[in-house]
Amino acid sequence: MNLVKKLFVKSLISIAFITSFVSCDLLVDLNKSQSHITFKASAITNNDTIPNDTVVFTSKDIIWYNDTTSEVIFKDSTIFNTIIKYPSIVCYLDSDSLFSFKPTSNYMSSIWNDLVLNHNLFDGKYYFEDGYPGWIDNLGATTERAQNKIKRAEAWTRFVEQLKLEGKIKQNN
């Protein structure tokens, strides 16, 4: 009888030990899925009524992101009317600042050599691009764009991974 009790206790300890490791992994996964992406205005603009850190939109406003074409589909197709008010928007994963981008549209006459969220007026779609205009073919500009893309690569990966956890990545067929 004593042997049965010892075997039973050892079995319980083993089960508890294994369960604790599985539980820890599940907690880590749950914490990751509870993270959220927030996009905030990065600075006070000329309009003093727009304070710093204004939430412009969140990942809940995104239906999906296509990591191949860089297209973003928003729940509200008129969201750009809000986004364009801000000179720069910062993407946060919880409290970590990942990257910033400038909202652009086809009618702009400026050049920007870092990340933009471009509203393409020809097809009405939104695209994250490495600079604006996308067609620029200038060695200095394309080099600067490539360097900026490398600088934000780790943060961009975290952004895409979080969108995957939220089920917001569109796969090309």
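Where a number appears in this text, it was derived from the coordinates with a stated rule and is not lab data. The structure displayed is predicted, hence computed values, not measured ones. In this analysis, Cβ positions are derived from the backbone assuming ideal geometry, glycine residues included, and neighbour counts consider all displayed protein chains.
Some values worked out for this structure:
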{"read-out": "Restricting region 77-130 to chymotrypsin sites (Phe, Trp or Tyr not before Pro) in coil, as DSSP defines it, with at most 10 other Cβ within 10 Å", "value": "107, 122"}
{"read-out": "Hz values of 3J(HN,Hα) by residue in region 84-95 - Karplus curve (6.51, -1.76, 1.60), Gly and Pro given as x", "value": "5, 5, 9, x, 7, 10, 10, 8, 10, 10, 6, 9"}
{"read-out": "Global geometry of region 123-172, whether rounded, prolate or oblate, following the gyration tensor of its Cα atoms and the 1.5 cut on a/c", "value": "oblate"}
{"read-out": "When each of 60/151; 60/102; 60/164; 125/151; 40/168; 102/149 is checked by Cα-Cα distance, pairs over 22 Å", "value": "60/151; 125/151"}
{"read-out": "Normalised contact order of region 82-162, rounded percent, pairs of Cα under 8 Å and 6 or more residues apart", "value": "24"}
{"read-out": "³J(HN,Hα), Karplus 6.51/-1.76/1.60, whole Hz, each residue of region 58-71, x for Gly, Pro", "value": "10, 5, 5, 7, 9, 7, 7, 10, 9, 5, 7, 9, 6, 7"}
